[in-house]
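Q: Dropping the structure in here first, questions after.
No value in this document is a laboratory result; all are computed from the given coordinates. Since the structure is predicted, the reported quantities are computational estimates derived from the model, not experimental observations. Cβ placement follows ideal geometry from the backbone for every residue including glycine, while neighbour counts extend to all protein chains displayed.
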Amino acid sequence: MCLLLFTTFGMAAEQKKYPFALPVQSLATSLNALSNQTQTLVLFPYDLVENRKGNAVNGQYTLAEAINILLLNTGLVGGISEKEVLMISQKSSSIPTKKFEEEDIVKNQKSILASVIALLFSGATVSSHVNAQETDKQIEDVEKIDVRGVRGSINRALSEKRLNTGIVDSISAEDLGKFPDNNISESLQRIPGVTIERDFGIGSTINLRGLGPEFTMVQINGVSSTSSGLSGQLDAEGGREFDFSLLASELFSQVNIYKTTSAKQTEGGLAGVVNLETPRPFTYDANQPKFTSAIQGSYGSLSEDKTPRASMFFSNNFDDVWGLAASVAYSEVDTVVNESGTWKYASLGQNIEYRATGGDVHTAPNYGDAMMPDDPRYLRNDINRESLGTTLTLQYNASDDLQFTFDNIYVTSDSLREYNRIDATLEWDIGGEPTSAVLENIDGQDYIISAAFPRVRNRVGTQNIDREETFASHVLSADWSVSDSLTIRPLIGYTKRTGEEETYLYSFYNRIATQVQRAGAGFELYPVGSSAEYYGDQNNAENFLFNVVFSKDRQNEDAELVAKVDFEQLLDFENLVSIDYGFLASDREKTRNYDFWAMGDSAVQHMNPEHYADNEAAWGDFWGNGPAQGQDDLLAGAGMTLAAVLGENRDYSVDGINGPSSLLYADHALMQSTYMQGLHGYDVANNTYKAEDSAAGSYGITEQTNAAYVQANFETKNADFNIGLRVVKTEIESEGSLLENGGIYPVTYKSSYTEFLPSFNLSYQLYDDVLLRTAYSRTMTRPPLASLSPATSIDASRLEGKKGNVNLLPYTSNNIDLGAEWYFAGESLVAAAIFYKKIDALVENTVSTEVVTYRQQISNEQVTGPIEFTQPENGTDAAVKGLELSFQSPLTFVSETLSDFGTILNFTYTDSAASFAEEGDIRSTTLPGLSKNSYNAVVYYDNQTFDARLSYAWRSDYVDYFPEAKYQDDYGQLDFSSNYNITDNLSVQFEALNLTDEQVVKMQSNNPQLAISLEQLERRVMFGVRYSM
């Protein structure tokens, strides 16, 4: 039979040179790749090529040159029919074709239907032994060869990288609806210069070239994304960073990472731009429906739960007139992360003096100058996340010159995090210094590494965080060829992301003498005379007394409406081939509504009103006005203990820590019914609404942007380059409330700024298979939206506060890039790139102390005293420089017998320097999120029936700055994935993440002797079945 290879794009392909990288492989595979790359229709008898191999084609060649090299010594020839279809035949074939010379123009056809008609009426004849009926049969049996799996993904990514003028890396789906990883950020970390941040072991955000997640612009189908404003950190506000864990990878076909910038790209990515693309129907053959479905089961080694994952994709291109592509993906994941550690180290003497409860006066004459762990703890995180994502793309060819595309994506996610901890809080009523302690001098400072503290608050704390997020993006665009030389591309898009979070904290305490000691990277604690199993014994629940209940609601919404129009004007001015220009207008609105409730002594009015009535005077002096023992007696007398709300214990284990085997746990439903009337405790008489805190935490910000650009594109014999300028004006209006003298005052502030962003990109072909690149650009990232709020917030427990600053200017950077790429064989690349970024106006926090009136944390009474405020301001400069090295190739350079094996290796070195005002600020030597060294190694096997990949990603230690500096130790993770094609349509998949049960270690500084946290991550395995047609 005959195989017909084609693409669905309708524009005529000019005779030009293409960068080919075809290895010695099946001739059918090479012809398929050649057809896809050059957008040329190819017809050949399959029996002529099925047992033949094509020659390697590496370098810049015209289609004529490439086909002649490919077919050399194969006994086959290629020629162009009168209807300009590339036809492959034996040298003795009688199929009449035009002589295949350099001057031939090769045009592809718009669809398979048009191609068949062209063949039927081309006047071409077949050899005498082929009759018309056989020819019809051949045409009916045409099919397209697709290179799928790991190798197909690599080939498409290499082609995208090679053809761009700037420095670009790509990740392509291995098959319809099948991305290399279930999590997009996990795939991105295999790109040079990319490291990822993990939220409880799951990849969430990315760092690009040493800069944090907020410095990377993330777009979906060409429109910038928005943020939910919710962070993985407790009670923290998210910024402009994008959380990839919300999006199922099955919804996307390709991701491009632009490390250099051109004027036509939307501003906002100081580090770079990541563009995610959903599938479009006109990408596929006309009248050839595509359908895939997959189902997968997942199992976590700590959660010990089995959870499902499923996806479905359908697409059809109807006669190249209109098309539809739709997908849906559902997943549920149960994750457990166990932790042993402390929040930070603090001075023992200052802590005792600062935290002593009224009536209990303590001193620290012996160890007052030593540093101690602030709140050593055992902690278990249970996270359940359920996500549903859908995409819908409609395309319509109104004419040969006008195409409309409507891209839609909608994702919803519900997650529940139960954060259960046992701690020995040394921040409150420590009861005096220990009688003896083991000290260790580290860098000239004494640290308590083992001591029995006489009267510690051992707490059982359960935090319940219920979060709902949605993300929606709707983009209508057009591609209109007004004339042979002018194309107009208008676009209007609307993106909205919402996040609603309800947080409850239930805390119970037991004042007992407690032994605390460092254990490797974590901490062990237990009551003096007992063991850590004390914290798992439900008989001890009566000993834990009611401490406090907090309830916090956050409702965040971030929406942007954008309209833009791009013009492409082709020119005939020798090397100046085109000019791009365009305009953009956007309106972004961020709102946050915050509500805060607290229950202290008032909880007894609900749980035991009789006891309250009998002891009303004592309860009136409950918090802070009497000896601690009086508080204990009142709570015990009222029966306000953990036993009344005790839930089922949770298993606990951290390698290297001799902790309890299970943890006591306060049940959420019992807390609601016992201490509160309904969610949040809306019973005002028994609960305290923090009006000032709630108002200060609510705000609205509007950001209006207008931009214009012009970009000139040049081509010479060996070089492509562009030069352009983008001008951006932004106007900001910020509304919120100020907290002053115990009152709440609404305020509105306005500001604006204008930035000029020039750019230059050059790609130079030094040899047929060697490219040199250089680029200069000025880029910007706007400050976090939350930082623009006028609100003032106060943490009464720590006597600290935060203020926003609407006058913040964007971060700007002047960037220089140099790169070299050697495509030395098919599917192969050696590349190096160096980069330098000079960043201006980096935001830093200034600290000032003010005497203000605020609400006390537990009693809710107004008090006046000093609060240490931090406020962001522009001013700091920073420089980031680095080197990226990458190598990828099949292992044919070792032996031809290893042609089905391959490897991908990359290494990145990054360094930074800054000038933060505060002496000793760690960010002056290394910016948050920056790992000096990182590398990735992938070994794969792919024979088109079975493919497997073993991947290892490693990064060196880095600063995690929230809200103060902590180091995260170096981390590496080994993952495995495989796919076996049972038939052409049915395959099975197996994956395993974190094969070696890695731990995350965090430190007070980069000294491993000051480790403060040890997180035990779980191994996760997945098995699934996939069907496609």
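Q: Among the listed pairs K161/K590; K344/K496; K496/K932; K264/K717; K802/K966; K17/K259, give every one whose C-alpha distance is greater than 31 Å.
A: K161/K590; K344/K496; K496/K932
Q: Evaluate the charge dipole of region 423-516 about its Cα centre and quote only its size in Debye, nearest 20, assuming +1 on the Cβ of each Lys and Arg and -1 on the Cβ of each Asp and Glu.
A: 220
Q: May I ask for log10 I(q)/I(0) of region 870-969 at q = 0.12 Å⁻¹, from a Debye sum over the Cα atoms as equal point scatterers with solvent left out?
A: Treating every Cα as an identical point scatterer, log10 I(q)/I(0) equals -0.58.
Q: Find how many whole Å separate the alpha carbon centroid of region 535-551 from the alpha carbon centroid of region 765-784.
A: Using only Cα atoms to place each centre, the spacing works out to 58 Å.
Q: Could you run the Debye sum over the Cα atoms of region 512-607, one equal point scatterer each and no solvent, and tell me log10 of I(q)/I(0) at q = 0.13, 0.16, 0.20, 0.21 Å⁻¹, two decimals?
A: Each listed q corresponds, in turn, to -0.83, -0.97, -1.06, -1.09.
Q: Sticking with this structure for a sec: So for each of 318-324, 922-928 I average, over its residues, the number of other beta carbons within 10 Å; can you give me the resulting order with the highest mean first?
A: The densest-packed peptide leads the list: 922-928, 318-324.
Q: Going by average Cβ density within 10 Å per residue, which order do the peptides 947-959, 765-777, 567-579 take, highest to lowest?
A: So the peptides 947-959, 765-777, 567-579, ranked by packing, come out 947-959, 765-777, 567-579.
Q: If we sort 461-467, 490-496, 255-261 on the protection proxy, mean other Cβ atoms within 10 Å, highest first, what's the order?
A: Top of the packing list down: 255-261, 461-467, 490-496.
Q: Taking the Cβ of L993 as the center, what net charge do the other residues with Cβ under 12 Å away carry, scoring Lys and Arg +1 and Asp and Glu -1?
A: Every neighbour counted, the sum reads -4.
Q: If you add up the charges near P213, with Lys and Arg at +1 and Asp and Glu at -1, over every other residue whose beta carbon is less than 9 angstrom from its beta carbon, what do you get?
A: Summing Lys and Arg as +1 and Asp and Glu as -1 gives -3.
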